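A.B. asks: Handing you this structure, nothing more for now.
The values are calculated or read from the model by the stated rules, or taken from the named source; none is laboratory data. These numbers were taken from a predicted model, which means no experiment stands behind them. With ideal geometry, Cβ positions are generated from the backbone for all residues, glycine too; neighbour counts draw on all protein chains shown. Remember, those area values only see protein heavy atoms, side chains included, never the ligands or the DNA or RNA. Shrake-Rupley method; radii C 1.70, N 1.55, O 1.52, S 1.80 Å.
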Amino acid sequence: MREIHVDEITAAVEKLCVEANGKLPEDVKVALNEAVEKEISPLGREILSDIVKNYRIAEEKDLAICQDTGFAVFFVELGQDVRITGGDFNEAINEGVRRGYKKGYLRKSIVDDPLIHRKNTGDNTPAIIHLEMVPGDKIRITFAPKGGGSENMSALRMLKPSDGAEGIKKFVIETVRQAGPNPCPPIIVGVGIGGTMEVAALIAKKALLRPIGQHHPMPEIAKLEEELLEQVNKLGIGPQGFGGRTTALAVNIETFPAHIASLPVAVNIQCHAARHREIEL
Amino acid sequence: MIKPITTPLTREAINSLRAGDKVLISGVIYSARDAAHRLLFEMIKRGEELPIELEGQIIYYVGPCPAKPGRAIGSAGPTTSGRMDLYTPLLLESGLKGMIGKGERSKEVVDAIVKYGAVYFGAIGGAGALLADSIKESKIVAFEELGPEAVYRFKVENFPAIVVIDKDGNDLYKIGVEKYREI
C-alpha cells in the first residue's frame, strides 16, 4: 500500500486549476493556428486570429483564457494500491478548487442549488468528481473546467439500434446546427455512443479530452469522426457563428458496449477554450 | 472599415450601423447577466428607481473574473445573450439602446430592437483576456451580493465588437451562415 496524504492532493488540484485556466493544451493551439490559415471567410479569419491573440495575451499577462472558468470537473483514476491519509479525499479536491480559484483570480460560477435560491457558493465548489478505481499505486487527476455556454448546447438521445450510423449523424449534426453561435465556435464535438444514459453522457465528456487529430482506434468509428467533422463544417456556422467553414476543430467519439435494445448517443459541446490538464501523483 | 462609437448611443450613431459592421466602443457601459437582469426586470415592473440609468446606454452581458492587483478587471468576454431574452424587451422599452453579447436572440428581442431603434453587438466569446484590455476602469454599482453577476460600471476604450442585429432587424448570424452553408 502506498500512502498519499490529502494535502498532496489539495496542492496538486490548486496548481491544476490555475494552470489549466491560463494555458491551452498544445494540440488546441495548433488546431486554432491551422484554422486561421484554412478559413475562407475573411471575418472568420480575423476572429480566429483574435482567438489566437487571446490565448497569447492570457499567457503573457497571466489571465484566464475565458472569464467562464467553468464548473470544476475532475476525472480521477485512483490506483487500488493507494491509501489516502490525513482526511477526506473529496474535501481535499474541493479545498484545492477553493484555493486555486482564489489564487488564480478565477471566476466563481457555481450556485448552491439549481432552482430555489441560486446563491453563489463563492468559491467555485463543489467540484464534480468522476472517480474510477484502476490497478496500481498512483493517482491520475485530470482537470477540465467546463463553461456553461457550451455545456448548455449539449444533448442526449436514446436512439433505436436500427437508427444506426445514419441516425447518429443526423442527431449530431442537428445538435451542432441548433447550437449555432451560442457555444463559441469553433467547437470540439464530444460524442458518446453506447452504455446507459449516464454512461453515454460521461464518455461524450471524456471524448473532449482526447487530443485533436487523434482518432478512435476502431477504423469504422474513426471514419465516422471524419465524416461528421466534414458535415458539421458544411453547416456554414463558422467562427463565432458569423459564417465560415471552421465550425468545429474536431469530432471525437467514444464508445461503450450497449444493451440489445439501445443505442444511446450523447453530444457534449466544448468551446474553443478547450482547457484541460492532468497530473500524476 | 471600423467605426468608432461612443456611449451613450445617439440616434445618428444607431442609424449609421449595419449588421456586419465592426465597431470600437468607447465610454461607459454596464455589465449585467442572468441574475441582475431578473432583478432589474422586477424593479421596472414594480415601478422602482433603477440603480443604473438605462437611457441610451449599452449593457454588456458578462460576468468577469476578479481583477488581479494593478488591473481594472480580470478576463471579461461575453456570455450567451439568449438567456436574457425574456427580460430584454422591457429594458429596451425603458431606454436601453445597445447590448453586447454572443449568440442568437429571440424573435421578441429582434422585434423590440426594431421597435425601439436599438442595436445588438457581438463580442468574441472566449476572448476574455483580449477584451479585458479595452476595459480601463471598473466599479460595482449594484447587486454586489451576486458576486460575478453584480452590475459593474466599465469605462471602455476601443472595445472591439461587431454589429449582429441592426435597428432594421438585419441579423449577421443569418446573413453570414447563409453565405457559407453547404448542407
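A.B. asks: A:ARG210 - would you say it is within 30 Å of A:ARG2 (Cα to Cα) and at pLDDT 95 or above?
C.D. replies: yes
A.B. asks: Still on this structure, please answer the following. Restricting the search to the range B:148-183, which residues are within 19 Å of the chain's Cα centre (by Cα), surrounded by fewer than 21 Cβ atoms within 10 Å (Cβ to Cβ) and either over 30 Å from A:ARG177 (Cβ atoms) or among the basic types (Lys, Arg) (or both)?
C.D. replies: At the first step, the residues of the range B:148-183 found to be within 19 Å of the chain's Cα centre (by Cα) are B:148-173.
Then drop every residue that is not surrounded by fewer than 21 Cβ atoms within 10 Å (Cβ to Cβ), which leaves B:150, B:153, B:155, B:157-158, B:160, B:168-171.
B:ALA150, B:ARG153, B:LYS155, B:GLU157, B:ASN158, listed by residue number.
A.B. asks: Could you check, for the range A:88-100, whether at least one of its residues is under 30 Å from A:ILE260 (Cβ atoms), open to solvent by 60 Å² or more (accessible area, probe 1.4 Å) and not β-branched (Val, Ile, Thr)?
C.D. replies: Looking only at the range A:88-100, we keep the residues that are under 30 Å from A:ILE260 (Cβ atoms), and these are none.
Within the range A:88-100, none of the residues are under 30 Å from A:ILE260 (Cβ atoms), open to solvent by 60 Å² or more (accessible area, probe 1.4 Å) and not β-branched (Val, Ile, Thr).
A.B. asks: Still on this model: Restricted to the range A:228-258, and to residues that are touching a residue at least 40 places away in the same chain (Cβ under 8 Å) and among the small types (Gly, Ala, Ser), which residue is nearest to the other protein chains (Cβ to nearest Cβ)?
C.D. replies: A:GLY243
A.B. asks: Please work out which one of (1) more than 13 Å from chain B (Cβ to nearest Cβ); (2) in contact with a Leu (Cβ under 8 Å, 6 or more places away or on another chain); (3) of a type in the set (Lys, Arg) is the condition A:LYS53 fails and give its number.
C.D. replies: For A:LYS53, the exception is condition (1).
A.B. asks: May I ask you to say which residue of A:GLU46, A:GLU26 is open to solvent by 50 Å² or more (accessible area, probe 1.4 Å), farther than 20 Å from A:PRO239 by Cβ, outside the structural domain of A:GLU91 (by TED's automatic domain parsing) and not β-branched (Val, Ile, Thr)?
C.D. replies: A:GLU26
A.B. asks: Got a sec? Which helices (runs of 4 or more DSSP H) wholly within the range B:1-116 have at least 1 residues that are under 26 Å from A:GLY147 (Cβ atoms)?
C.D. replies: Here the list reads B:34-45, B:88-93, B:107-116.
A.B. asks: Next question, about the same structure. May I ask you to list the residues in the range A:29-43 that are open to solvent by less than 10 Å² (accessible area, probe 1.4 Å) and of a type in the set (Asp, Glu)?
C.D. replies: Residue satisfying the conditions is A:GLU39 alone.
A.B. asks: Please pick out the residue among A:ALA258, A:ALA266 that is among the small types (Gly, Ala, Ser) and within 26 Å of A:ALA20 (Cα to Cα).
C.D. replies: Within the list A:ALA258, A:ALA266, the selection yields A:ALA266.
A.B. asks: Conditions: (1) within 11 Å of another protein chain (Cβ to nearest Cβ); (2) assigned to a helix (DSSP H, G or I); (3) open to solvent by 40 Å² or more (accessible area, probe 1.4 Å); (4) not charged (D, E, K, R). B:ALA129 meets all but one. Number of the miss?
C.D. replies: Unmet condition: (3).
A.B. asks: If you go through the range B:137-152 one residue at a time, do you hit one that is within 11 Å of chain A (Cβ to nearest Cβ) and of a type in the set (A, V, I, L, M)?
C.D. replies: Yes, the range B:137-152 contains at least one residue that is within 11 Å of chain A (Cβ to nearest Cβ) and of a type in the set (A, V, I, L, M).
A.B. asks: Under 6 Å by Cβ, and 6 or more places apart or on different chains, what pairs join a residue from the range A:150-165 that is in the same structural domain as A:LYS223 (by TED's automatic domain parsing) with one that is surrounded by fewer than 17 Cβ atoms within 10 Å (Cβ to Cβ)?
C.D. replies: A:LEU159/A:GLY167
A.B. asks: Scanning the range A:145-182 for residues that are β-branched (Val, Ile, Thr) and in contact with a helix residue (DSSP H, G or I) (Cβ under 6 Å, 6 or more places away or on another chain), which turns out surrounded by the fewest Cβ atoms within 10 Å (Cβ to Cβ)?
C.D. replies: Across the range A:145-182, the extreme among qualifying residues is A:ILE173.
A.B. asks: Given A:ILE187, A:ILE141, which one is within 14 Å of another protein chain (Cβ to nearest Cβ) and under 29 Å from A:GLU77 (Cα atoms)?
C.D. replies: A:ILE187
A.B. asks: A further question follows. Among the listed residues A:LEU249, A:LEU235, identify the single one that is touching a Ser or Thr at 6+ places or on another chain (Cβ under 7 Å), modelled with pLDDT of 95 or more and outside any helix (DSSP H, G or I). Talk me through it step by step, then tell me what you get.
C.D. replies: On the way: A:LEU249 fails: touching a Ser or Thr at 6+ places or on another chain (Cβ under 7 Å).
Going through A:LEU249, A:LEU235 in turn, the sole match is A:LEU235.
A.B. asks: Which of the strands (runs of 3 or more DSSP E) found entirely inside the range A:79-151 contain at least 3 residues meeting this: aliphatic (A, V, I, L, M)?
C.D. replies: A:128-134, A:139-146
A.B. asks: Can you go through A:LEU131, A:LEU115 and tell me which one is farther than 24 Å from A:PRO264 by Cβ, open to solvent by 50 Å² or more (accessible area, probe 1.4 Å) and more than 13 Å from every other protein chain (Cβ to nearest Cβ)?
C.D. replies: Result: A:LEU115 is the single residue among A:LEU131, A:LEU115 that is farther than 24 Å from A:PRO264 by Cβ, open to solvent by 50 Å² or more (accessible area, probe 1.4 Å) and more than 13 Å from every other protein chain (Cβ to nearest Cβ).
A.B. asks: For B:GLY82, indicate whether it is in contact (Cβ under 8 Å) with a residue 24 or more places away in the chain and closer than 16 Å to B:TYR30 by Cα.
C.D. replies: It is false that B:GLY82 is in contact (Cβ under 8 Å) with a residue 24 or more places away in the chain and closer than 16 Å to B:TYR30 by Cα.
A.B. asks: Write out, first by first residue and then by second, each pair whose Cβ atoms fall under 7 Å of each other, whose residues are 6+ apart or on separate chains, and whose first residue, in the range A:259-272, is within 14 Å of chain B (Cβ to nearest Cβ) and in contact (Cβ under 8 Å) with a residue 60 or more places away in the chain while the second is among the polar types (S, T, N, Q) and in a loop (DSSP other than H, G, I, E, B).
C.D. replies: A:ILE269/A:SER154
A.B. asks: Then there's this: Can you go through B:LYS102, B:LYS107 and tell me which one is in contact with a Cys (Cβ under 9 Å, 6 or more places away or on another chain) and of a type in the set (D, E, K, R)?
C.D. replies: Going through B:LYS102, B:LYS107 in turn, the sole match is B:LYS102.
A.B. asks: Limited to the range B:135-147, what total is found for residues that are surrounded by fewer than 21 Cβ atoms within 10 Å (Cβ to Cβ) and not in a helix (DSSP H, G or I)?
C.D. replies: 8
A.B. asks: Now, a different point. Filter the range B:48-71 down to the residues that are buried (at least 20 other Cβ atoms within 10 Å of the Cβ) and within 14 Å of chain A (Cβ to nearest Cβ) and list them by number.
C.D. replies: Within the range B:48-71, B:TYR60, B:TYR61, B:VAL62, B:GLY63, B:PRO64, B:CYS65 qualify.
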